[in-house]
Every structure is written in C-alpha cells, then in structure tokens.
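All remarks here apply to the structure that follows.
No value in this document is a laboratory result; all are computed from the given coordinates. Keep in mind it's a predicted model, so treat the numbers as computed, not measured. Counting neighbours? That spans all protein chains shown, and the Cβs are built from the backbone with ideal geometry, glycine included.
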Amino acid sequence: MPRRLRLDPEAADEQGLVAIGGDLRPETLLRAYCRGVFPWYDESLPVCWWSPDPRAIIPLNAFHVSRRLARTIRSNRFSVMVDRDFASVVRGCAQRAEGTWITPQMIAAYQRLHQLGYAHSVEAWREDALSGGVFGIAIEGFFSAESMYHRVTDASKVALAALVDRLKLQGFTLLDVQMLTDHTTRMGAKEIPRREYLRCLRAALATPATFS
C-alpha cells in the first residue's frame, strides 16, 4: 500500500513548498485543501504541494468594485451563470497566453471534483457565448478560487464579482486566492500570515454552507 503523503503546512520551506509527489485523487485534493495546502506545478515536475506564508485572501466584505466595473455590471452586458460549462472555464484558464499551471492531469482532477459537487465555475456569457469565468473549490464555508480568464474585456471581473456576491449570500466566510496578483489586489485581495489563514480556514470548514 502506498505511503500516505504528509501534507503539513507547518512543514513548508521558506518558499512555501510542503511536499513533492503523491496523486490528484479527490480524497488527496480535499485533504490538502482542508489543511491549507494546494497543488501547483508544471508538466516537467511531479505534483508539488504549497502553503505559502503569507497567504492571499479576498475579505468578502472588502471586495472592491470600481466605478467602471459597476457600470458594466449594471449594463447587463453579460449574463452570469453557475456551472453551465465548467469544463470550458477550466480549459480557458489552462490556455491563457501568459502560461498556466493547469496541466491535463489537473484538468482531469478538477473535473472529477466538479462531478462530486466540490468544484464550481461562475461564468460570464454574452450573446450565448462564454466570455470568461472563474472556478474553484467549495468545502463548507471555504472557497478556494483557482483561476480565472476572459475572452471579452471585463468578463472575468464580472464573474469574480458575482462569485463574491454568491459567497456572501450563501454564508461562506473565506475566499482564498493563494497569491496576490495586480488584478486581485485592485479588487481588495490582501496577504495574511499563514497561521492566521489556517485559523480562518478552520472556522470556515466548521461553518455549514452550500455553493449553488
């Protein structure tokens, strides 16, 4: 029987690397997320597991919508859908021009989690065409936003704003974005120490919530 991978965030090195190897079975991924660890690697490497310090989150009550984005949302230029085409959102994120960590193996793993009811997409549609979206993992009151992409300007921002609204409405308490980007920083993301993040994670996992 294979040795169970040790996924202890307190064992992370200075870069946040917790472990190398293992598999992407649903039970492995769910155990990792519940411990504050996530997979991130490319096709030249085995699976790498991370828990960076500090950790980036978007406080749900501090999400920032610019005036321009607010106008776009009010215009109803996009229709927002949930889980209408999860597979296409993941593939869209994997095909981003700047490169991606979403390998074919990861695509298959997220599809399995979607089939089990843990992985979800929020999508922006325009004239019956998928224009962008965001996807992630929901476990009780915790949501880990994995990636987002757009084919039409503002589509991913509209999807992220819709995701935040849905999480607040449905009682979620923690939105994890793992690492800061310029894009998420402008929308209210911030870094917190790993230990604080793990406290927030434990509280979120103890908060009953269902993503729908």
Review point. Using the 10 angstrom Cβ neighbour count as an exposure proxy, how do LEU167, LEU205, LEU30 rank, fewest first?
Key: LEU30, LEU205, LEU167
Review point. Any idea what the dipole of region 129-191 comes to, in debye rounded to 20, about its Cα centre with Lys/Arg Cβ at +1 and Asp/Glu Cβ at -1?
Key: 180 debye
Review point. What helices in the chain pass both tests, a Cα length along the helix axis of 20 Å or more and a mean Kyte hydropathy of 0.0 or higher, using whole DSSP H runs?
Key: 155-169
Check your understanding: Counting Lys and Arg as +1 and Asp and Glu as -1, each charge on the Cβ, what is the dipole of region 21-93 about the Cα centre in debye, to the nearest 20?
Key -> 660 debye
Exercise for review: Step through the residues of region 133-139 one at a time and calculate ³J(HN,Hα) from phi using the Karplus curve (6.51 cos²θ - 1.76 cosθ + 1.60, θ = phi - 60°), rounding each to whole Hz and writing x for Gly and Pro.
Suggested key: x, 9, 9, x, 10, 10, 9
Review point. Sorted by mean Cβ packing within 10 Å, highest first, what order do the peptides 110-118, 126-134 take?
Key: 126-134, 110-118
Check your understanding: Suppose every K and R has +1 on its Cβ and every D and E has -1 on its Cβ; what is the size of the dipole of the chain about the Cα centre, in Debye to the nearest 20?
Key -> 540 debye
